[in-house]
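Bear in mind that the values in this text are calculations on the coordinates, not laboratory data. What you are looking at is a predicted structure, and each value in this text was computed from that prediction instead of being measured. Here the Cβ positions follow ideal geometry from the backbone for every residue, glycine too, while neighbour counts run over all protein chains shown.
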Amino acid sequence: MIQLQHISKWYNVGGKPTFILKDINIKITEGEFVSIMGPSGSGKTTLLNIIGMLDLPSEGSYQFFDQAVYDLREKHRTELYKKNIGFIFQAYHLIDELTVYENIETPLLYQDVKSSERKAMVSDMLDKFNIVGKKDLFPSQLSGGQQQLVGIVRALIAKPKLLLADEPTGNLNSKQGEEIMDLFQKINEEEGVTIVQVTHSEKNADYGHRIINLLDGRVESISEKPLKQV
Ligand SMILES: Nc1ncnc2c1ncn2[C@@H]1O[C@H](COP(=O)(O)OP(=O)(O)OP(=O)(O)O)[C@@H](O)[C@H]1O
């Protein structure tokens, strides 16, 4: 699904290149659940944003299914992203002025899905994730865990093949965090959604089949993990 080759990213700081990522080579197969770990500043978010097509590297190539991502015009890259990728952030990034229902509906508006179809899709998701009763509330009226759940439902509504999550449980207590990780596991196993998450937590990383450890912008090691027993 994903093949990154010789990906590097640098910024010019005071006339000198400062490397954020250096010669990253990673393959991710459809259906995998991968965790990215590493100390603060090691380049995790930058790598996730490159995988999510939100950021461009300074060098290297990226194959997403049969598409050479950097050969595409920006418009086509955006279409590829919108069609295939859902993003979840630590700080939820919900729109405060919109209700739960409206927040979940937003990605469908960008995809020009018809009104009647949107209604059916949102209702279906509200039902599936047991949040029908919250649909008219605003984000400020929800707990952190509930807000993240809405963020996840919003990321999933357009049926992405790839779910990217940057510290998805960073603002949650351990019980809420565990619920979100269990949900990720379910989405991965039952729906076949490929997941790549950045995490500081060993416990959360263990939910993945594979852990990629970054250090100073390089892949320091990759460890395969047995599936977590439930
Ligand atoms: N526009 C920029 N110009 C210069 N340096 C940058 C820029 N954006 C990011 N960096 C640097 O890139 C490095 C990697 O950042 P990144 O957010 O990818 O790290 P991270 O591993 O996700 O860290 P954390 O765990 O703290 O979130 C940091 O040292 C950061 O200062």
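Using all pairs of distinct alpha-carbon atoms, the Kirkwood hydrodynamic radius of the chain works out to 18.4 angstrom.
Taking Cα atoms only, the orientation of helix 174-191 departs from the longest principal axis of the chain by about 90 degrees. Principal-axis analysis of the Cα atoms of the chain puts helix 100-110 at an angle of about 60° to the longest axis.
Can you put 225, 175 in order of Cβ neighbours within 10 angstrom, beginning with the fewest? All intermediate terms of the calculation are to be shown ahead of the outcome.
On the way: 225 14, 175 8.
Ordered by Cβ neighbours within 10 Å, fewest first: 175, 225.
Summary value for the chain: 30 percent relative contact order, contacts being C-alpha pairs under 8 angstrom separated by 6+ residues. Rounded to the nearest 10 degrees, the inclination of helix 144-156 to the longest alpha-carbon principal axis of the chain is 80 degrees. For a modelled paramagnetic label at residue 190, 7 Å from Cα along Cα-to-Cβ, the residues of the stretch 106-128 in reach, with backbone nitrogen under 18 Å, are 121-128.
The order of 23, 124, 112, going from fewest to most other C-beta atoms within 10 Å of their C-beta, is 112, 124, 23.
A Gaussian network model of the chain, with springs between Cα atoms under 10 Å, assigns the largest mean-square fluctuation among 96, 206, 66 to 66.
Other residues lying with their Cβ under 10 Å from the Cβ of residue 37 contribute a combined charge of -1, Lys and Arg counting +1, Asp and Glu -1. If you run the Gaussian network model on the chain, springs between alpha carbon atoms under 10 Å, then out of 195, 24, 51 the most flexible one is 24. Taking other C-beta atoms within 10 Å as the exposure proxy, 1, 181 rank 1, 181 from fewest upward.
Count charges around residue 120 for me, please; just the other residues with Cβ under 12 Å from its Cβ, Lys/Arg as +1, Asp/Glu as -1. If you can, show how the numbers build up before the last one.
Details: positive: 114, 118, 119; negative: 105, 117, 124, 127.
Here the count lands on -1.
Comparing 84, 173, 25 in a Gaussian network model of the chain (Cα springs below 10 Å), the most mobile by mean-square fluctuation is 173.
Here residue 130 and residue 178 are evaluated by their C-beta separation; at R0 = 22 Å the FRET efficiency comes out at 0.85.
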